[in-house]
1. Kindly sort GLU40, GLU4 by accessible area of their heavy atoms, largest first, with the probe set to 1.4 Å.
2. With all protein chains present and a 1.4 Å probe, how do SER19, SER77 order by accessible area, largest first?
3. Show me the ranking of peptides 29-38, 51-60, 121-130 by mean Cβ neighbours inside 10 Å, starting with the highest.
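The values are calculated or read from the model by the stated rules, or taken from the named source; none is laboratory data. Small disclaimer: the values here were computed from a predicted structure and weren't measured. Note that we place each Cβ from the backbone using ideal geometry, even for glycine, and neighbour counts take in every protein chain shown. Heavy atoms of the whole protein, side chains included, go into the accessibility calculation; ligands, DNA and RNA do not. Shrake-Rupley method; radii C 1.70, N 1.55, O 1.52, S 1.80 Å.
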Amino acid sequence: MAAETDLFLFLKTRNITDSVISQLKDDKIDIDVIDVMTDEELGQYIKQYGDRLALRAFCRQRTVTNEKSGGVETVKSALMQRVRDRLGEHRKTPVNRDTEGSGVVGNKHAPNPSNTQETPKKIRQINQQMRAAQTKKAAQQSAQTKIVAQKKKKKKRLSLSPGKMKK
């Protein structure tokens, strides 16, 4: 019934007269019948060729065979059912998805929350280790330069002391 009212509302938007609409109602011509009518038969009711084409397109858009149930349903209801099916799939809990064997759950590219919280800690630890290593290396270098400087002084003293002894 809803499809019939949609059909007659569509005809009114195309400025088809009420007498033609009532004639279609009296002859029990609906969306299903329009699909099997020839252009000449439909032309007896609707004179304008563009209106007949628009009516056929409207009927084609409104009916689609539902292969699952074997019946006929509107495109709108078929689309709504597909949306409901998809929403139902997305609303399943991860536990249900795992039991169905669907594999990957959620976004595999999303950052792992445990890693994102640990990452700053790891970076800080690495930075501290690097600073400690640099400090240790600098301390070793300064110790080596002190040792080298002490050796030079000692050598200088030794080279100077024999000369003093000769005097």
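1. Order by accessible area, largest first: GLU40, GLU4.
2. Reading off the accessible areas and sorting them downward yields SER19, SER77.
3. 51-60, 29-38, 121-130
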